[in-house]
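Below is one structure, written out as structure tokens; comments come after it.
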Amino acid sequence: MTKPRIYLDYQATTPVDPRVLEAMLPYFGDLFGNAASRNHAFGWEAEKGVTQARQILGEAVGASQREIIFTSGATESNNIAIQGVAKMYAPKGKHIITASTEHKAVLDPFLALQNQGWSITILDVDGDGALSLSDLKAAIRPDTVLVSLMHGNNEVGTLHPIAEIGAICRDAGVLFHTDATQTFGKESIDVDAMKIDLLSASAHKLYGPKGVGMLYVRRRSPRVRLEPIFFGGGHERGFRSGTLNVPGIVGFGKAIEICLAEREKDHAHITGLRDHLQNRLNTELDFVHHNGHASERLACNLNLSFAYVEGESMLLGLDNIAVSSGSACTSASLEPSYVLRAMGVGDDLAHSSLRFSLGRFSTLQEIDLAADATVATVKRLRDMSPLYEMAMEGIDINSIEWSGH
Ligand SMILES: *Cc1c(COP(=O)(O)O)cnc(C)c1O
């Protein structure tokens, strides 16, 4: 009998909600027009679908629809925001600030700008993945033009205090961009109350299609200007040329509509299952370490390190369960998770970490099967581990002097 496949990797991507797919389908058929075609009904119909989506996506963050730029996803949104601001405001100053636990789609544009002559500050985080606001204040200089700090972390789920960060940036006259890809549609966001100037989000993290995202760009107090990073037909106020992905945008709009209508229900469902999973693993296993903040955290995320076992070996034992690992061998690079490392988690614990991420379609039965499999796998691996045996006997492994090396 084949084991059922269980998906617990909702922070990597989510399945498309059937209601979203249904809303998209007509735009692959009769409503196939180019939203930029001004001279005929095919164009007008497509544009109507785009405008409706733009409206609801804007409202979802308290913005006007004219402030929403459609992109191919959060990676592109982050690049347009960071490179666009840095280049436009270079005459004012060439210093930009971010943090060590950001997504690569923020860190890599920062490093690219550094290579082109910008000065960058990468803030440290504490063991929970939290930022120090006094460090942020101290990092802002007269030539700082942008602060980019994410809302919810994709690996460990820690939430940053966006409203407080926004207030600090506004007081200092520095633009504030937030990568809200993990929180959009899940946590409440208001760009005015939180003093956000630019915000990135992506449809495929909230039960919409892949390949479509958005960038909110504030139009007043202050009006944000951006240098485009590529050029063409001048779509999206000139910030992002290229024919719009109409079905994807319509799906994104439908996805956020459902998220907003069902936010409380989803949140309660997901938090309940997440707590159940965490409780089971904590009671049935010892030496389990939670990575992330105990309370300021995303509902869907559970990142745990299981001391004395290797992430890769665990993944082999969990072959029917889709989770992520902070371990080296599961990623393209040979380093263990840079996010865990930035939080001061040692290489051993980073290598033994698993990220479970839950979503709308997760069930109690799936969570129990995942917990059963995790407990059995960790126990089996530890039974073969001399380090675990020593730990059980109370021997401090760090005090051992290894011979033969
Ligand atoms: C998934 C993710 C991205 C990248 O989004 P894409 O739409 O896949 O480009 C960026 N930032 C965060 C925090 C993410 O979780």
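The values are calculated or read from the model by the stated rules, or taken from the named source; none is laboratory data. Given the structure is predicted, the values throughout are model-derived calculations rather than measurements. Every residue, glycine as well, gets a Cβ built from its backbone with ideal geometry; the counts of neighbours run over all protein chains shown. Ligands, DNA and RNA are excluded from the accessible area calculation, which covers all protein heavy atoms including side chains. Shrake-Rupley method; radii C 1.70, N 1.55, O 1.52, S 1.80 Å.
The table for this structure:
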{"quantity": "Potential lengthening between GLU393 and PHE287 on full extension [0.36 nm per residue; Cα-Cα distance subtracted]", "calculated": "36.8 nm"}
{"quantity": "Karplus (6.51, -1.76, 1.60) ³J(HN,Hα), θ = phi - 60°, over the stretch 33-40, in Hz, Gly and Pro reported as x", "calculated": "x, 8, 4, 8, 6, 8, 9, 8"}
{"quantity": "Heavy-atom SASA rank of TYR388, TYR207, TYR7 (probe 1.4 Å, accessible area, largest first)", "calculated": "TYR7, TYR388, TYR207"}
{"quantity": "Heavy atoms of SER134 accessible to a 1.4 Å probe, total area in Å² rounded to 10", "calculated": "80"}
{"quantity": "Highest-fluctuation residue, LYS205, LYS195, LYS48 considered, GNM on the chain with Cα pairs under 10 Å", "calculated": "LYS48"}
{"quantity": "Exposure of ASP30 as accessible area (Å², to 10), given a probe of 1.4 Å and all protein chains", "calculated": "130"}
{"quantity": "Rough spin-label spacing in nm, given labels placed 7 Å along Cα→Cβ, for SER100 and SER64", "calculated": "4.2"}
{"quantity": "Phi to ³J(HN,Hα) by Karplus 6.51 cos²θ - 1.76 cosθ + 1.60 over the stretch 90-106, Hz, x for Gly, Pro", "calculated": "3, x, 7, x, 10, 10, 9, 10, 9, 10, 6, 9, 5, 5, 4, 6, 9"}
{"quantity": "List TRP118, TRP44, ordered by accessible area with a 1.4 Å probe, largest first", "calculated": "TRP44, TRP118"}
{"quantity": "List PHE361, PHE239, PHE231, PHE184, ordered by accessible area with a 1.4 Å probe, largest first", "calculated": "PHE231, PHE361, PHE239, PHE184"}
{"quantity": "Computed FRET value (nearest 0.05) for ARG5 with ASP275, which takes r as the C-beta separation and R₀ as 30 Å", "calculated": "0.80"}
{"quantity": "Accessible-area value, ILE82, 1.4 Å probe, nucleic acids and ligands omitted, Å²", "calculated": "0"}
{"quantity": "Stretch gain in nm, segment ASP108-LEU364, where the contour uses 0.36 nm per residue and the Cα spacing is subtracted", "calculated": "88.3 nm"}
{"quantity": "In sequence order, calculated HN-Hα J values of the stretch 290-297 (Karplus, 6.51, -1.76, 1.60; Hz; x Gly/Pro)", "calculated": "7, 9, x, 8, 5, 10, 7, 8"}
{"quantity": "Within the chain, percent of DSSP bridges classed antiparallel, to nearest 5", "calculated": "55"}
{"quantity": "Label point 7 Å beyond Cα of ARG380 along Cβ direction - residues of the stretch 244-281 with amide nitrogen under 20 Å", "calculated": "281"}
{"quantity": "Degrees separating the helix 41-60 axis from the principal Cα axis of the chain, which is the longest one", "calculated": "50"}
{"quantity": "Sequence-distant residues sharing a close amide H with ASP9 (under 5 Å, placed H)", "calculated": "SER357"}
{"quantity": "ALA261 paired with PHE230, simple spin-label distance in nm, labels 7 Å along Cα-to-beta-carbon", "calculated": "3.5"}
{"quantity": "Longest site-free stretch - the chain; sites: GluC sites (Glu not before Pro), DSSP loop, at most 12 other Cβ within 10 Å", "calculated": "1-392"}
{"quantity": "Acute angle (nearest 10 degrees) that the helix 263-284 long axis makes with the longest principal axis of the chain, alpha-carbon atoms", "calculated": "20"}
{"quantity": "Ellipticity estimate at 222 nm from DSSP helix runs (n ≥ 4, -39,500 (n - 2.57)) divided over the chain, nearest 500", "calculated": "-12000 deg cm²/dmol"}
{"quantity": "Using alpha-carbon coordinates, inclination of helix 74-88 to the longest axis of the chain, degrees", "calculated": "60"}
